[in-house]
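I am attaching a structure below and will ask some questions about it afterwards.
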Amino acid sequence: MSVLTGIFDNKGCPLDKQTFSWQQIASHPISKLDDDAFTRVRVILMAGIEQDALRLKHFGSRFHKELQLPLAQIRRVEQHQMTAINWLLSADHSPLETTIAFEQVAIEVTAAVAQTEPDPYQAQTYRFGLLEDFDHLYRYSAMLDRLEGKDSNNILQGYTDIVPGRPTSEHHRAPADDLRENYQKADAALVTKLHAAMITAAEFQTHDYYMIIGPTFSDPVARQLYAEIASVEEQHVTQYGSLMDPSESFIEKWLIHEAMEVYAYASCAEQEDNPRIKALWEQFLDYELGHLDVACQLFKKLERRDPAEILAGTVPQMVEFKSQRDFVRKVLSEEKDLRTSGSEYVAKEQESEASLQYRKQMNDPVVPSNIASAGYQWQPGTEQAKSTGGNSR
């Protein structure tokens with residue numbers, strides 16, 4: 001049964017009852033090693049979704065005077081939700097380790113979405129993007145080994161492979177080749193709308209994190225690597241954002257986003273093993289149902305339409321937080337050489353001339369991702385362990 005079945009019968013926690021304390025917001029973090037990696041995947045994903053919720057509502061406030069107060073009231077709650085989630089990340093994560101975790105989120109969640117997306121073109125877009133994040137994980141893993149002497153599998157916990165994907169050096173495309181065909185709001189399945197909002201939010205957070213963290217490194221290759229991959233993440237935000245129908249009104253997009261938050265929190269609560277974190281997901285699910293109810297009431301008042309027009313339909317299953325290794329390997333073997341020409345996916349030989357020229361210019365004289373991973377092949381342990389006769393395959 002869909003989590004959104006009968007959604008209008010569950011109004012959740014009223015907005016004026018959604019309270020916090022500083023102790024609740026800055027609570028005890030999860031364990032880097034003792035908690036399951038997918039607990040951290042959920043933490044990072046939901047922090048990104050809440051960040052995007054704030055972004056969307058700030059944007060809407062600039063254009064809708066009558067919505068400024070309710071949006072501000074909900075933003076205050078979502079700011080505290082985002083903080084409570086973000087503060088679950090422990091201080092013993094180095095910035096590079098957190099980066100590895102971000103890429104695991106991008107790979108595993110996008111792969112899960114790609115397999116349940118009913119629109120073939122949208123599913124293709126998710127498969128295309130995940131192969132690029134897959135390669136980013138490999139490049140950052142090499143950097144983690146070389147700068148900190150750490151094995152990225154300590155973060156990944158064996159769920160995600162550490163091998164090259166579509167080479168990062170070939171991700172750089174002209175803007176026209178990053179735009180995709182959008183779904184049609186009147187015809188698209190509800191889950192298609194939720195997927196697009198979810199993955200766009202996740203990629204936006206990744207881009208912003210790299211832009212903040214990248215300049216803090218003293219190593220010149222690390223600085224360049226973050227600059228290179230942050231640029232690709234901006235391309236991904238462009239790509240996934242363009243999957244949404246631009247003819248949707250702001251309130252339509254707000255409704256979809258709130259429903260997506262409900263869907264995401266429900267998915268987290270259903271699969272969380274840590275009892276304390278599970279209780280948090282359940283609390284915030286209740287809060288998001290309250291936010292969705294506010295949005296529905298305002299939609300009725302201002303657009304004089306039934307919210308069911310936007311949210312009708314079912315969700316086939318929850319987001320599956322589990323290793324998608326077999327699926328990713330299959331996509332890698334079959335679609336590594338796909339490229340784009342405009343909004344179309346084409347063979348490598350048919351890539352647009354605009355992207356080829358853009359890439360030639362950006363990659364001259366050096367490609368940071370190639371330098372960072374030169375000669376790197378993951379094995380248990382680190383390169384230092386290999387050179388001293390330690391762990392090996």
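The values are calculated or read from the model by the stated rules, or taken from the named source; none is laboratory data. Computed from a prediction, not measured in an experiment: that's the story for all the values here. Heads up, the Cβs are rebuilt from the backbone with ideal geometry, glycines too, and the neighbour counts pull from every protein chain shown. With ligands, DNA and RNA removed, areas are computed over all heavy atoms of the protein, side chains included. Shrake-Rupley method; radii C 1.70, N 1.55, O 1.52, S 1.80 Å.
Every residue in region 233-247 that is within 27 Å of residue 214 (Cβ to Cβ) and either small (Gly, Ala, Ser) or modelled with pLDDT under 95 (or both), please.
241, 242, listed by residue number.
While we're on this one: When the residues of region 176-187 are narrowed to those that are farther than 9 Å from residue 239 by Cβ and assigned to a loop (DSSP other than H, G, I, E, B), which ends up least open to solvent (accessible area, probe 1.4 Å)?
183
Every residue in region 30-68 that is modelled with pLDDT of 95 or more, part of a loop (DSSP other than H, G, I, E, B) and closer than 21 Å to residue 202 by Cα, please.
30, 36
Looking only at region 138-170, count how many residues are of a type in the set (Val, Ile, Thr) and either open to solvent by 30 Å² or more (accessible area, probe 1.4 Å) or not in a helix (DSSP H, G or I) (or both). Quick ask: steps written out before the conclusion?
First, the residues of region 138-170 that are of a type in the set (Val, Ile, Thr): 155, 160, 162-163, 168.
Filter once more, so that each one left must be either open to solvent by 30 Å² or more (accessible area, probe 1.4 Å) or not in a helix (DSSP H, G or I) (or both): 160, 162-163.
So the answer is 3.
Check off (1) in contact (Cβ under 8 Å) with a residue 60 or more places away in the chain; (2) touching a helix residue (DSSP H, G or I) at 6+ places or on another chain (Cβ under 8 Å) for residue 92 and give me the number that stays unchecked.
Just one mismatch for residue 92, condition (2).
Based on what the data block shows, is residue 23 in a helix (DSSP H, G or I) and open to solvent by 10 Å² or more (accessible area, probe 1.4 Å)? Reasoning before the result, please.
Numbers: in a helix (DSSP H, G or I): yes; open to solvent by 10 Å² or more (accessible area, probe 1.4 Å): yes.
When the stated conditions are applied, residue 23 passes them.
Within the bounds of region 277-300, is there any residue that is under 28 Å from residue 134 (Cα atoms), in a helix (DSSP H, G or I) and in contact with a Cys (Cβ under 7 Å, 6 or more places away or on another chain)?
Scanning region 277-300, I find at least one residue that is under 28 Å from residue 134 (Cα atoms), in a helix (DSSP H, G or I) and in contact with a Cys (Cβ under 7 Å, 6 or more places away or on another chain), so the answer is yes.
Would you be able to say whether some residue in region 209-216 is open to solvent by 50 Å² or more (accessible area, probe 1.4 Å) and among the β-branched types (Val, Ile, Thr)?
yes
Now, a different point. Could you list, in sequence order, the residues of region 218-233 that are closer than 15 Å to residue 362 by Cα, open to solvent by 40 Å² or more (accessible area, probe 1.4 Å) and either over 22 Å from the mean Cα position of the chain (by Cα) or among the acidic types (Asp, Glu) (or both)?
Within region 218-233, 224 is the sole residue that qualifies.
Please go through region 104-120 and give me each residue that is open to solvent by less than 10 Å² (accessible area, probe 1.4 Å) and not hydrophobic (A, V, I, L, M, F, W, C), ordered by number.
104, 108, 110
When only residues in region 26-69 that are among the polar types (S, T, N, Q) and within 23 Å of the chain's Cα centre (by Cα) count, which is surrounded by the fewest Cβ atoms within 10 Å (Cβ to Cβ)? Reasoning before the result, please.
Narrowing region 26-69 to residues among the polar types (S, T, N, Q): 27, 31, 39, 51, 61, 68.
Within this subset, residues satisfying the condition of being within 23 Å of the chain's Cα centre (by Cα) are 31, 39, 51.
Working: 31: 13, 39: 21, 51: 21.
That would be 31.
Look through 242, 247, 267 and report the one residue that is open to solvent by 10 Å² or more (accessible area, probe 1.4 Å), within 23 Å of residue 206 (Cα to Cα) and among the polar types (S, T, N, Q).
242
Could you check, for region 331-350, whether at least one of its residues is open to solvent by 20 Å² or more (accessible area, probe 1.4 Å), without any contact (Cβ under 8 Å) to a residue 40 or more places away in the chain and within 25 Å of residue 270 (Cα to Cα)?
no
Also, quick follow-up: When you look at residue 173, is it modelled with pLDDT of 95 or more, not acidic (Asp, Glu) and not in a helix (DSSP H, G or I), yes or no?
Numbers: modelled with pLDDT of 95 or more: yes; not acidic (Asp, Glu): yes; not in a helix (DSSP H, G or I): yes.
When the stated conditions are applied, residue 173 passes them.
Looking at 123, 101, 72, can you tell me which residue is of a type outside the set (Phe, Trp, Tyr) and either surrounded by 24 or more Cβ atoms within 10 Å (Cβ to Cβ) or over 16 Å from the mean Cα position of the chain (by Cα) (or both)?
The match here is 72.
Output the residue which, of all residues in region 369-391 that are outside any loop (DSSP other than H, G, I, E, B) and farther than 24 Å from residue 172 by Cβ, is modelled with the lowest pLDDT. Full working, then the answer.
We begin by selecting, within region 369-391, every residue outside any loop (DSSP other than H, G, I, E, B); these are 369-372, 383-387.
Filter again for farther than 24 Å from residue 172 by Cβ, leaving 383-387.
Working: 383: 65, 384: 63, 385: 62, 386: 64, 387: 58.
Looking at residues that are outside any loop (DSSP other than H, G, I, E, B) and farther than 24 Å from residue 172 by Cβ, I get 387.
Taking only region 351-367 into account, find how many residues are touching a residue at least 40 places away in the same chain (Cβ under 8 Å) and exposed (fewer than 15 other Cβ atoms within 10 Å of the Cβ).
Within region 351-367, residues that are touching a residue at least 40 places away in the same chain (Cβ under 8 Å) and exposed (fewer than 15 other Cβ atoms within 10 Å of the Cβ) number 3.
Which of (1) part of a helix (DSSP H, G or I); (2) of a type in the set (Ser, Thr, Tyr); (3) more than 16 Å from residue 145 (Cα to Cα) does residue 345 not meet, given it meets every other one?
For residue 345, the failing item is (1).
Next question. Does residue 327 satisfy being in a helix (DSSP H, G or I), surrounded by fewer than 18 Cβ atoms within 10 Å (Cβ to Cβ) and within 22 Å of the chain's Cα centre (by Cα)?
On the way: in a helix (DSSP H, G or I): yes; surrounded by fewer than 18 Cβ atoms within 10 Å (Cβ to Cβ): yes; within 22 Å of the chain's Cα centre (by Cα): yes.
Yes, satisfied.
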